[in-house]
């Protein structure tokens, strides 16, 4: 029996830094191999090794999602993806706290394993870090606050129509990664 593993392409292309590395800091055991090439989703799938009897199938990637960091599923198999669209766009973290990140919702409407219906469930967020699907609601936590908000799809269109405070935690300063 073959087992299927679903994959969400997290769109993280690795690139070499533009800054020159001082030669004295380069370890002779790890010579510079140049820039890492960007691979398409199909090319990347070919590089992965799986245990016999398993296969990997891409179900969602760019351009449907941008800069995903978390994916979760609700009880109906719908996938919710937190997209941090402002995270570390440059070395200084410029614009990181602009409210343009989002949580997108993806649904397989015909049962073929591909997500063919896409909506923006919650928009204008600041680096969403927590998403917990419930029924027609999602709990979302954003950067720089310990508050948790409940976003509710009030009319079944896959988009939140109502936002209410679910837990009052107060502000949290600083960037978690710094």
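The values are calculated or read from the model by the stated rules, or taken from the named source; none is laboratory data. Keep in mind it's a predicted model, so treat the numbers as computed, not measured. Virtual Cβ from ideal backbone geometry, glycine too; neighbours counted across all protein chains shown.
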| field | Filtered residue count, segment 108-118, keeping only those that are assigned to a strand (DSSP E or B) and buried (at least 17 other Cβ atoms within 10 Å of the Cβ) | value | 0
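If you go through segment 123-141 one residue at a time, do you hit one that is more than 23 Å from residue 73 (Cα to Cα) and assigned to a strand (DSSP E or B)?
First, pick out the residues of segment 123-141 that are more than 23 Å from residue 73 (Cα to Cα): none.
No; the residues of segment 123-141 include none that is more than 23 Å from residue 73 (Cα to Cα) and assigned to a strand (DSSP E or B).
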| query | Does at least one position in segment 124-136 carry a residue that is closer than 14 Å to residue 65 by Cα, without any contact (Cβ under 8 Å) to a residue 40 or more places away in the chain and surrounded by 14 or more Cβ atoms within 10 Å (Cβ to Cβ)? | reply | no
| From the residues in segment 149-158 that are buried (at least 16 other Cβ atoms within 10 Å of the Cβ) and assigned to a loop (DSSP other than H, G, I, E, B), which one is nearest to the chain's Cα centre (by Cα)? | 158
| task | Please state which of the following conditions residue 144 fails to meet, knowing it meets all the rest: (1) surrounded by 12 or more Cβ atoms within 10 Å (Cβ to Cβ); (2) modelled with pLDDT of 95 or more. | result | (2)
| query | What are the pairs, 6+ residues apart or on separate chains, where a residue within segment 25-40 that is over 27 Å from residue 62 (Cα atoms) has its Cβ under 8 Å from a residue that is surrounded by 10 or more Cβ atoms within 10 Å (Cβ to Cβ) and modelled with pLDDT under 75? | reply | 32/21; 32/26
| note | Checked segment 53-63 for anything closer than 18 Å to residue 107 by Cβ and loosely packed, with under 14 Cβ neighbours inside 10 Å; matches are 57, 63
